[in-house]
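So the structure is just underneath, and the comments pick up after that.
The values are calculated or read from the model by the stated rules, or taken from the named source; none is laboratory data. Keep in mind that what you see is a predicted model, and the values were worked out from it rather than measured. All Cβ positions, even for glycine, are placed from backbone atoms using ideal geometry, and neighbour counts span all protein chains on display. These area figures cover heavy atoms from the full protein model, side chains too; ligands, DNA and RNA do not enter into them. Shrake-Rupley method; radii C 1.70, N 1.55, O 1.52, S 1.80 Å.
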Amino acid sequence: METAVFGGGCFWCLEAIFNRVKGVSKITSGYAGGHDHDPTYEQVCSGRSGHAEVISVEYNPDMVTYHDLLEVFFKAHDPTTLNRQGADSGTQYRSIILYTTASQKTSAEQYIEVLKRTGEYQQAVVTEIKPLDVFYAAEGYHQDYYKLHSSQPYCRAVIEPKLAKLFNTKKS
């Protein structure tokens with residue numbers, strides 16, 4: 001098993017998306033990329049901790065490649081909006097890849113270069129790429145959020161349309 005760490009807006013959205021990727025065995029919502037030790041959700045939401053809402057993705061590289069995960073990540077959010085995803089704004093919602101190996105760093109850099117060369121986006125990709133120093137798991141009530149609360153208004157209004165778009169499913 002290997003681990004990838006991504007941030008692209010609300011971790012509830014990314015968790016729901018990556019939970020549907022074959023070869024992914026575990027998703028943990030959490031915080032990384034900042035300076036505060038063992039931050040709380042409230043501290044991260046304040047924007048002062050420096051952390052982003054991220055997910056840690058445990059995956060089997062024999063079933064899904066890191067490149068495949070990058071493809072899902074970039075389709076799951078807008079990597080051209082600085083510190084914003086939809087209505088969520090602040091540095092905690094920034095687009096970020098926290099690599100755990102040198103090959104992940106190289107793959108992420110190369111993937112972004114291809115996006116630039118092919119003109120995939122009209123705006124510049126602002127995704128931050130940095131090493132993972134430490135990952136802090138979010139509080140328990142954030143884990144498996146969509147699975148446990150899919151009828152909540154946020155889930156129905158924000159997460160379900162993303163799932164439908166990415167996985168060609170009908171919105172219920």
*Within region 140-154, is even one residue outside any helix (DSSP H, G or I), free of Cβ contacts under 8 Å to residues at least 60 places away in the same chain, open to solvent by 60 Å² or more (accessible area, probe 1.4 Å) and over 28 Å from residue 45 (Cβ atoms)?*
no
*From the set of residues in region 68-77 that are closer than 22 Å to residue 122 by Cα and open to solvent by less than 60 Å² (accessible area, probe 1.4 Å), which is nearest to the chain's Cα centre (by Cα)?*
73
_If I ask for residues that are of a type in the set (Lys, Arg) and without any contact (Cβ under 8 Å) to a residue 24 or more places away in the chain, which ones from region 20-77 would you list?_
48
*Just a yes or no: is a residue in region 86-103 in contact with a strand residue (DSSP E or B) (Cβ under 7 Å, 6 or more places away or on another chain), free of Cβ contacts under 8 Å to residues at least 24 places away in the same chain and open to solvent by 40 Å² or more (accessible area, probe 1.4 Å)?*
no
*Evaluate region 152-172: report whether one residue or more is at pLDDT below 95 and in contact with a Pro (Cβ under 7 Å, 6 or more places away or on another chain).*
yes
*Any idea which of (1) open to solvent by 50 Å² or more (accessible area, probe 1.4 Å); (2) within 14 Å of the chain's Cα centre (by Cα) is the one residue 127 doesn't satisfy?*
(1)
_Lone unmet requirement of (1) within 22 Å of residue 40 (Cα to Cα); (2) of a type in the set (S, T, N, Q); (3) in contact (Cβ under 8 Å) with a residue 24 or more places away in the chain for residue 83_ = (3)
*residue 119: of a type outside the set (Lys, Arg), at positive phi, over 16 Å from the mean Cα position of the chain (by Cα) and open to solvent by less than 70 Å² (accessible area, probe 1.4 Å), yes or no?*
yes
_Scan region 93-112 and tell me whether some residue there is part of a strand (DSSP E or B), in contact with a Leu (Cβ under 7 Å, 6 or more places away or on another chain) and at pLDDT 95 or above._
yes
